[in-house]
Amino acid sequence: MTAVADKPHLTREHMLDLLKQMIRIRRFEDKCAELYTQEKIRGFLHLYDGEEAIAVGIIPALEKRDRLVTTYREHGQALVRGVPMAAVMAEMYGKQEGCSRGRGGSMHLFDSAINFYGGNAIVGGGLPLAVGLALADKMQGNDLVTACFFGDGAVAEGEFHESLNLAALWSLPVLFVCENNLYAMGTALARAQAETDIQKKAACYRIAAEAIDGMDVIGVEAAARRAIHAVRHTRKPYFLECQTYRLRAHSMFDAQLYRDKAEVDAWRHKEPIVRFQAWLEANHMIHPDDVPRMEAEIDAEIAEAVTFAEAGTWEPVEQLARFTYAEGALPTSR
Amino acid sequence: MVEFRMPSLGADMEAGTLVEWLVKAGDRVKRGDVVAVVETQKGAIEIEVYQAGQIEKILVDLHSKVPVGTPLAIILAEGEAKPAAAVPAPPAPLPPTIPAPVIAPTAPPWRPVAAPVPPTAPAAAVHAASPAARKLAAERGIDLSTIAGSGPGGAITYADVERVSTVPAAAPPEKRKVPTLDFTAMRTAIAAAMARSKREIPHYYLDHQIDVTACEQWLAGKNATLPPDNRILMGALALKAVALAARRFPAFNGFYRDNKFEPSQAVHVGVAIAIRGGGLTAPALHDVDRLPLDELMARMRDLIQRTRAGRIRSSEIADPTITVSSLGERGVEALYGIIYPPQVAIVGLGKVLTRPWVVDGAIVPRSVVTITLSGDHRVTDGHAGALFLAEIGKLMQEPDKL
Amino acid sequence: MQQEAVQQQPVQAGSIETTYREAVREAIRDAIKRDDRVFLMGEDVGRYGGSYAVTKGLLAEFGPERIRDTPLSESGFTGAGIGAAMAGMRPIVEVMTVNFSLLALDQILNTAATVRHMSGNQFGVPLVIRMATGAGRQLAAQHSHSLEGWYAHIPGIKVLTPATLEDARGMLWTALQDPDPVLIFENVMLYNMTGKLAANAGPVNIDRAAVRRAGRDVSLITYGGSLWKTLEAATTLAAEGIDAEVIDLRTLRPLDDATIMASVAKTRHVVIVDEGWRSGSLAAEVGMRIIEQAFWALDAPIGRVCSEEVPIPYPRHLENAAIPQADKIIAAAKAVLGRA
């Protein structure tokens, strides 16, 4: 994506690409769930089901040289951004062929080649980092954009407010993307925030802000292009609240005692893939064999990624201490 | 055919309890269908199936708690025929528990093998000593119990050890880490000396039994007032008596060299000391005839410890004018020694035994010790020897005068 | 006062009379002038001139892009420093005091210290964080902590404690060259300290301890604000015939084991002076390393002089009693020598 226009190009090719990207994330997450139940993936696993439209709508609108900061629910962002699926899967397995050398796992995907500054397991922990990246870009006088993804839970953290204030005060090129899925782990937004209108909080810091339907990939894409364009050219922050829903539990080990099955089912009928596919069908932009073809391609890619991960190797224990500090730096004692 | 297993749902989930089946044998399922509900520590969680096919058989009953990974059901893929052997093998029986070996109560208790101990005195009391002090003491073969400490709380410091240790006269510098006594060399020397003694000195032997009850009684009284480290032993009384007798009978106190006898003005009594590991030496206590008993005892103690630690001086080796040998409590009734040339006599002390004795016409138990004399017949004869031994016996009847 | 000069440039004839504060200021000026990537940000560093007047005049000299006043957002601006470092700048983040750094602890530990290892060496954080530390100005419990020992617990960062003018002047540049995060702790009682500094004083190493006073009888191992009390104690001890060796650790992570153990091998007696609270202190770490590496050389148990296990109180006499003082150091030295 180079030239940014306000309106997306609604060609069939582009539409199918959006759909495929979302399905690709969905099926990848599904495979991760399966592998987790088989104990191939360990630790914590946070899946993106239902939120795909946000990553797919926003990230392709960024340039390769722009920067991304994400959360522990970042598989979707990583895949859309271009971290190779095999490297992501190997990372989930903990193999050293993974994108973080196997050391991070699901919550800590990093890829410096594509300016992917990590998943982060501390809620709100990435916001100051994003502010700093943008500060460097401002001081270096370039026109890069830093996109920072976080959830509604981060809004409660002091770092959210400190970061928004700094970004506005210093006029930093940050696109703040709040993926408001209505729950911070098991705490509903209304139980955590006196003011549940999240984009309003950004407006209080004098940051241009809007709330959009995060289930509508076209809508998200359009808003993203506007926002990124604004950040890049005004060199001011922008706040995009994307209203969405998490179809799966917070993580694998979650009995979802805090929400109704009926509520989940209601959202399942509005989720982005179902919705977009229906819209494409209604507008005759999709053929009956398009989705099966995509799914087959995606499943093949996933199968290859799993094979790659299975065949991957464990980082030798002797390497444990490597890269605690930079190598070739000043000599250090133990 | 695929086994649907109890899934791992969390890093700390080890097992789950099936509380509801949402499918039964024969139902068709597709990937993503919820097929059961599992109760976990966090609550009831629906579990989904990742294979498409038909439920062939449910394997686990409701309300059973099973570990993660346990097969819960069999799913046949689409178009797959039922397996001929319908029932999967039951889980392999656990290997029979091997009964723990019973340790026979009569098994002999393990005894630690005594490590080769550097020749220091056995650790009767543990003295606080710094690691540096201990290391230095071990290197120099010093017995820590002989050192008074000047560190915190009376602990022995490095400086304390340095102060008491002197450079060993006989030790070659390369052997600093090893005790300065080389037993092979020592035994060779002993062999040579003893062979020469037997070759050159015409020995005669006399023995005499001495009632030492008076000595014992006197010692008991005296030692009651003394701390354990200062108590006087029977051996000291014997040494003093021998020394005083040697003063009166100078023919037994001196050296035979160049075909003549040189009596010694001083009485330096050689004390035969066995060294752990097989060594034997008889360094001198000087001027024993003039030493008060408690000082004689202290010097004897010191000499024995230093000897065992390899810290004797060359003068002590060369100076004895007469030697006394005793095997102590582990000894025998009578001990006949071989004279150490160029000395001319050696007195042997046996064990103190309780014997029936005649006192004032009555038979009473008395403590009796057999004392022997091996004499150089070139210098003395049996008559003189008898008088010498009798004198020792007489002196030991009046221990308070020793 | 100083023993081994650890500067990279030879000391020349010209020297200036200056203060620790001015030495730090000069280090910052020098760095900003030499490297376009360097900038400093923190609370009241600009218009106010720095809460300890370290940065006085720098805003006027370098402008608001290089000397950035921040809001009271320790986590925010420390994280921003981390991000800026990851994107090519060389920031100096000034956290006003270690007491407030607790608000930034998550960013320091969970981002700065972890990113390189966690990302498999894809990203590093060449960030310097300067903080004031220590007690002695009757600022009471919340403003008097010495937590540099805590920070020294964290792998992935380096922890410096300059106690001399040379180190105040010279450690910053070396720290800025380091590809990994470096924390510099400046004891509040040192800012006013005066002394002579070579006119051409420059960068110094940040991985070696220094023998500030050679001695034979006891090793007094210390750092930061306690160094001068320890040297004072050594002078008093010398008059009583006890020849103390004073080691200035200079860096708490990594610790310079070689210098420490060489001293212990020589003197066989150790007292560690540390303004942190005794339990789980840096002194405990140094003591344990000595046990591990120089046990057989010791002639007495290791002594420690640390802060009392109390929140630092406000009244002067209680504050003085709570933190290490020369008389306690002297007593501890005598105790390990058995001359109490």
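Can you find, among A:Leu169, A:Ala230, A:Phe253, the residue sitting farthest towards the positive end of the charge dipole of chain A, where Lys and Arg contribute +1 and Asp and Glu -1 at Cβ?
About the Cα centre, the residue reaching furthest to the positive side is A:Leu169.
Cross-link candidates for A:Lys138: which aspartates and glutamates have Cα within less than 18 Å, leaving aside residues fewer than 8 places away along the same chain?
Candidates past the 8-residue exclusion: A:Glu63, A:Asp66, C:Asp35, C:Asp36, C:Glu65, C:Asp69.
Rounded to the nearest 20 Debye, what is the dipole magnitude of chain C about its Cα centre when Lys and Arg each give +1 and Asp and Glu each give -1 at the C-beta?
Roughly 240 debye for chain C.
In Å, what Rg and Dmax follow from the Cα atoms of the range C:15-198?
15.3, 47
I want to verify a result. In a Gaussian network model of chain C, Cα cutoff 10 Å, which of these has the top mean-square fluctuation: C:Asn187, C:Asn99, C:Asn121?
C:Asn121
Report the paramagnetic label zone for B:Asp258: residues of the range B:312-326 whose backbone N is under 20 Å from a point 7 Å from Cα along the Cα-to-Cβ axis.
B:318-321
Residue-wise, which Karplus ³J(HN,Hα) couplings in Hz belong to the range B:284-292, taking 6.51 cos²θ - 1.76 cosθ + 1.60, θ = phi - 60°, and x for glycine or proline?
8, 9, 7, 6, 5, 5, 9, 7, x
Any chance you could check the Cα centroid distance between the range C:308-340 and the range C:66-103 for me, in angstrom?
That distance is 35 Å.
Could you work out the relative contact order of chain C? I mean the mean sequence separation of Cα pairs under 8 Å and 6+ apart, divided by the number of residues, in percent.
Relative contact order of chain C: 18 percent.
So how do A:Cys242, B:Cys215 line up by other beta-carbon neighbours within 10 Å, fewest first?
B:Cys215, A:Cys242
Give the Cα extents of the range A:12-312 along the principal axes, in whole Å, largest first.
The Cα atoms of the range A:12-312 stretch 48, 44, 42 Å along their principal axes.
Taking Cα centroids, how far is the range A:133-159 from the range C:203-254 in Å?
So the two Cα centres are separated by 45 Å.
For every helix of n ≥ 4 consecutive DSSP H residues, a contribution of -39,500 (n - 2.57) applies; sum these over chain C, divide by its total residues, and give [θ] at 222 nm rounded to the nearest 500 deg cm²/dmol.
Value at 222 nm, helices only: -9500 deg cm²/dmol.
Compute for the range A:70-219: radius of gyration divided by Kirkwood radius, i.e. Rg/Rh, restricted to C-alpha atoms, rounded to two decimals.
Using only Cα positions, Rg/Rh for the range A:70-219 is 0.98.
Which whole-number percent of Cα pairs in the range A:4-111 have a distance greater than 18 Å?
49 percent
Using a Cα-Cα cut-off of under 19 Å, which lysines could be cross-linked to C:Lys266, ignoring same-chain neighbours fewer than 8 residues away?
Cα-Cα hits under 19 Å: B:Lys135, C:Lys334.
Under the Kirkwood approximation for Rh and a Cα-based Rg, what ratio Rg/Rh is obtained for the range B:183-401?
Using Cα coordinates only, the ratio equals 0.96.
Measuring from label point to label point, each 7 Å out along Cα→Cβ, what is the C:Leu139 to A:Gln140 span in nm?
For the pair C:Leu139/A:Gln140, the computed spacing is 3.5 nm.
Quantify how much of the Cα-Cα distance distribution of the range B:2-76 extends past 18 Å, in percent.
30 percent
What FRET efficiency, computed as 1/(1 + (r/R0)^6) with R0 = 25 Å and r the Cβ-Cβ distance, is obtained for B:Asp287 and B:Tyr205, rounded to the nearest 0.05?
Rounded to the nearest 0.05, the efficiency is 0.35.
Starting from the exponent 0.38 and prefactor 2.2 Å, build the expected Rg for the range B:300-390 from its residue count and divide its actual Cα Rg by it.
Its radius of gyration relative to the 2.2 N^0.38 Å reference: 1.35.
In angstroms, what radius of gyration and Dmax does the range B:238-283 have, counting Cα atoms only?
Expressed in Å, the Cα Rg and Dmax of the range B:238-283 come to 13.1, 38.
Could you tell me which of the pairs B:Lys240/B:Lys260; A:Lys40/B:Lys24; A:Lys236/C:Lys33; A:Lys20/B:Lys30 are separated by over 25 angstrom between their Cα atoms in the structure shown?
Table pairs above 25 Å Cα-Cα are B:Lys240/B:Lys260; A:Lys40/B:Lys24; A:Lys236/C:Lys33.
Quick one: order A:Trp267, C:Trp277, B:Trp357 by neighbouring beta-carbon count within 10 Å, fewest to most.
Going from sparsest to densest Cβ surroundings: B:Trp357, A:Trp267, C:Trp277.
Explain nothing, just the number: relative contact order of the range A:78-174, from Cα pairs under 8 Å at least 6 residues apart, as a whole percent.
Relative contact order, the range A:78-174: 19 percent.
Give me the log10 of I(q) over I(0) for the protein assembly as shown at q = 0.05, 0.06 Å⁻¹, as the Debye formula computes it from C-alpha points; what are the numbers?
The Cα Debye sum returns log10 ratios of -0.57, -0.71.
I want to check the label-to-label distance for C:Asp36 and B:Met194. Put each point 7 Å from Cα in the C-beta direction and report it in nm to one decimal.
Label-label distance for C:Asp36 and B:Met194, simple model: 9.6 nm.
Which FRET efficiency value, to the nearest 0.05, do you get for C:Glu61 and C:Gln293 by plugging their Cβ-Cβ distance into 1/(1 + (r/R0)^6) with R0 = 51 Å?
Efficiency, from the Cβ-Cβ distance: 0.60.
Taking the number of other C-beta atoms within 10 Å as the exposure measure, put A:Glu157, B:Glu216 in order starting with the fewest.
B:Glu216, A:Glu157
Compute the orientation-averaged projected area for the range C:210-336 from the convex hull of its Cα atoms and round it to one decimal in nm².
The orientation-averaged projected area of the Cα hull of the range C:210-336 comes to 7.2 nm².
Quick check on the protein assembly as shown: of the DSSP beta bridges with both residues there, what percent are antiparallel, nearest 5%?
For the protein assembly as shown, the DSSP antiparallel bridge percentage is about 50.
Taking 22 Å as R0, compute the FRET efficiency from the Cβ-Cβ separation of B:Asp294 and B:Thr354 and round it to 0.05.
For B:Asp294 and B:Thr354, the calculated efficiency is 0.25.
How large is ³J(HN,Hα), in whole Hz, for each residue of the range A:128-136 in order, when computed from phi with the Karplus curve 6.51 cos²θ - 1.76 cosθ + 1.60 and θ = phi - 60°, using x for Gly and Pro?
So the Karplus estimates, Gly and Pro as x, are x, 4, 4, 4, x, 4, 5, 4, 4 Hz.
Distance in nm between label sites at A:Arg42 and A:Glu195, each 7 Å beyond Cα in the beta-carbon direction?
Result: 4.5 nm between the two label points.
Read-outs: derived from the displayed coordinates by stated rules, not from any lab. All of these numbers come straight from a predicted model, not from anything done at the bench. Cβ atoms come from the backbone with ideal geometry, glycine included; neighbour counts cover every protein chain shown.
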